[in-house]
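K.L.:
Dumping the structure here so I can ask a few things about it.
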Amino acid sequence: MGHIIELRDLTKYYGRNRGIEHLTLNVEQGEIFGFIGPNGAGKSTAIRTMLGLLKPNSGSVKIFGKSMPEEKTEILKDIGYLPSEPVFYSGMRVRDAIRFALSFYGRMQKEEPAFYKACLEEADGLCERLKLDAGKRVEELSLGNRKKAGIVCALAHRAKLYILDEPTSGLDPLMQREFFEILQEKNEAGAAIFLSSHVLGEIQRYCHRAAVIREGKLVVADNVANICGDSVKKVTLHGLTELPDLGRMCLPDTAVSGIEIHGDTVSFLYSGDIHLLLSALSRMPLADAAITEPPLEETFLHFYS
C-alpha cells in the first residue's frame, strides 16, 4: 500500500494565533483513518489546509502523490469533502444542491455522461437510506437533515478519497449507524476515508488507524488497537482505600494517570514497563486486581493529561 495523504511539518497560523504546528502524518490507501481531538484542537484547520482552502505557513501536503496546491485541480476531482458545517444557497432544493455539488466535477457531465448519471443514481440511493427528502428546500432542513444533505453531496461522487469533518454531529443514533455502513461499503469498494471526530467510540469501532491532535500538534498516530491496548493499560485494584506510594513501589509517576478511588477500589491508567507493574502489584495488600485494555475515551484523556 502507498501513502494516499502525506503531511510533512505542516504549520498554519492565523496571525499570531495557533492553528496547527509541525503536523506530520500519513494515510494509507484503503484505510479508514480517524483524526481525534476536541473542538479547537486544529482538526478543521488541518483538513482545510490539506484541501488547499487555507495556505500553510510552512510544510507540505501530498495527496495521491501529487503536491498541493500546485496540482490542486487534479487532486480535488478525486476527493469527496464534507465540511463540519455544510452551507447551501437558500432557495435551492436538496436535489438541486446535490447537482450543483456534482457540477464542480464538470468533466463527468460533459465528458462522462454515463458516470454522471451513475452518481445521480448514487445520490438518490443515499437520500433514501438516510431518509432525506430531496424535494425540500435547504432552508427548511433541520440541523440533522442539513448534515445528511452534506453527506450525500460528499459521497455521491465516486471518489478515491473521502475527507469528512465531524460527519455525525447532528445525526441521531440510527442515522449514525446507517452512515457508517455506507462508509464501510465505500471503503470495501476501494476508497480511503479520513474522518475527524471527537466522538471517540465511533473511531474505536470503525477506524483502522487514528491520530490524536492536541493544541495543533500531533500527540500520537498508530493503529487504533495499539492506541487502546499496547500503549496504555487500565489497572483496577480491589481491597485498597488509597494508592500506595508509587516511588516506594518503583513505579514512575509519569507512567500513572487518571487515578480514581471508589470505596476500596482504586483504578488508574498505566503506560510503563509491565514487569515493573506486576512486581509492584505483588507487594500490595490486594484482594483482587484486573489489567485490561481501556476504552478509547480513557486513552484519549491519558494522552491529554
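The values are calculated or read from the model by the stated rules, or taken from the named source; none is laboratory data. Predicted model, so just to flag it, every value in this text is computed and none were measured. Ideal geometry is used to build each Cβ from the backbone, glycine not excepted, and the neighbour counts take in all protein chains shown. Heavy atoms of the whole protein, side chains included, go into the accessibility calculation; ligands, DNA and RNA do not. Shrake-Rupley method; radii C 1.70, N 1.55, O 1.52, S 1.80 Å.
K.L.:
Taking the condition in contact with a strand residue (DSSP E or B) (Cβ under 7 Å, 6 or more places away or on another chain) and surrounded by fewer than 16 Cβ atoms within 10 Å (Cβ to Cβ), does residue 24 pass?
P.N.:
Yes.
K.L.:
I need a count of the residues in the range 185-213 that are within 14 Å of the chain's Cα centre (by Cα) and open to solvent by 10 Å² or more (accessible area, probe 1.4 Å).
P.N.:
Of the residues in the range 185-213, 10 are within 14 Å of the chain's Cα centre (by Cα) and open to solvent by 10 Å² or more (accessible area, probe 1.4 Å).
K.L.:
Does any residue in the range 210-224 that is under 21 Å from residue 56 (Cα atoms) come within less than 7 Å, Cβ to Cβ, of a residue that is among the acidic types (Asp, Glu) and surrounded by fewer than 22 Cβ atoms within 10 Å (Cβ to Cβ) six or more places away or on a different chain, and which pairs are these?
P.N.:
Hits for this filter: 216/21; 217/21.
K.L.:
Also, I was wondering about something else. Which of the residues belonging to the range 257-288 are in contact with a helix residue (DSSP H, G or I) (Cβ under 9 Å, 6 or more places away or on another chain) and either outside any helix (DSSP H, G or I) or of a type in the set (S, T, N, Q) (or both)?
P.N.:
257, 258, 269, 270, 271, 272, 273
K.L.:
Would a scan of the range 30-37 turn up a residue that is within 18 Å of residue 214 (Cα to Cα), open to solvent by 40 Å² or more (accessible area, probe 1.4 Å) and assigned to a strand (DSSP E or B)?
P.N.:
No: zero hits.
K.L.:
Every residue in the range 55-87 that is over 13 Å from residue 154 (Cα atoms) and either part of a loop (DSSP other than H, G, I, E, B) or of a type in the set (Asp, Glu) (or both), please.
P.N.:
Listed by number, the residues that qualify are 55, 56, 57, 64, 65, 69, 70, 71, 74.
K.L.:
Which residues, counting only those in the range 41-56, are surrounded by fewer than 23 Cβ atoms within 10 Å (Cβ to Cβ) and among the hydroxyl-bearing types (Ser, Thr, Tyr)?
P.N.:
Correct list: 44 only.
K.L.:
How many residues does the range 232-256 contain that are part of a loop (DSSP other than H, G, I, E, B) and loosely packed, with under 14 Cβ neighbours inside 10 Å? Full working, then the answer.
P.N.:
Of the range 232-256, the ones part of a loop (DSSP other than H, G, I, E, B) are 232, 239-252.
Next cut, loosely packed, with under 14 Cβ neighbours inside 10 Å only: 239, 241-242, 245, 247-248, 250, 252.
Selection size over the range 232-256: 8.
K.L.:
Search the range 97-139 for residues being more than 29 Å from the chain's Cα centre (by Cα) and closer than 23 Å to residue 170 by Cβ, and hand back the single one that is surrounded by the fewest Cβ atoms within 10 Å (Cβ to Cβ).
P.N.:
Checking each candidate, the answer is 135.
K.L.:
Of everything in the range 169-179, what is touching a residue at least 12 places away in the same chain (Cβ under 8 Å) and open to solvent by 10 Å² or more (accessible area, probe 1.4 Å)? Give them in sequence order.
P.N.:
If the condition is that a residue be touching a residue at least 12 places away in the same chain (Cβ under 8 Å) and open to solvent by 10 Å² or more (accessible area, probe 1.4 Å), then 169, 170, 171, 172, 175, 176, 178 are the ones that fit.
K.L.:
Next up: Restricted to the range 160-219, and to residues that are acidic (Asp, Glu), farther than 20 Å from residue 64 by Cα and in contact with a Leu (Cβ under 9 Å, 6 or more places away or on another chain), which residue is modelled with the lowest pLDDT?
P.N.:
Taking the range 160-219 first, the residues acidic (Asp, Glu) are 165-166, 172, 178, 181, 185, 188, 202, 215.
Subset that is farther than 20 Å from residue 64 by Cα: 166, 172, 178, 181, 185, 202, 215.
Now drop any that are not in contact with a Leu (Cβ under 9 Å, 6 or more places away or on another chain), which leaves 166, 178, 202.
Details: 166: 92, 178: 96, 202: 82.
Per the stated criteria, the residue is 202.
K.L.:
Next question. Can you tell me how many residues within the range 57-82 are closer than 19 Å to residue 105 by Cβ and open to solvent by 40 Å² or more (accessible area, probe 1.4 Å)?
P.N.:
Taking the range 57-82 and keeping what is closer than 19 Å to residue 105 by Cβ, we get 63-64, 66, 68-69, 71-82.
Then keep just the ones that are open to solvent by 40 Å² or more (accessible area, probe 1.4 Å); that gives 64, 66, 69, 71-74, 76-77, 81.
Matching residues across the range 57-82 total 10.
K.L.:
Hey, residue 33 hits all of (1) modelled with pLDDT of 95 or more; (2) over 18 Å from the mean Cα position of the chain (by Cα) but one; which does it fall short on?
P.N.:
(2)
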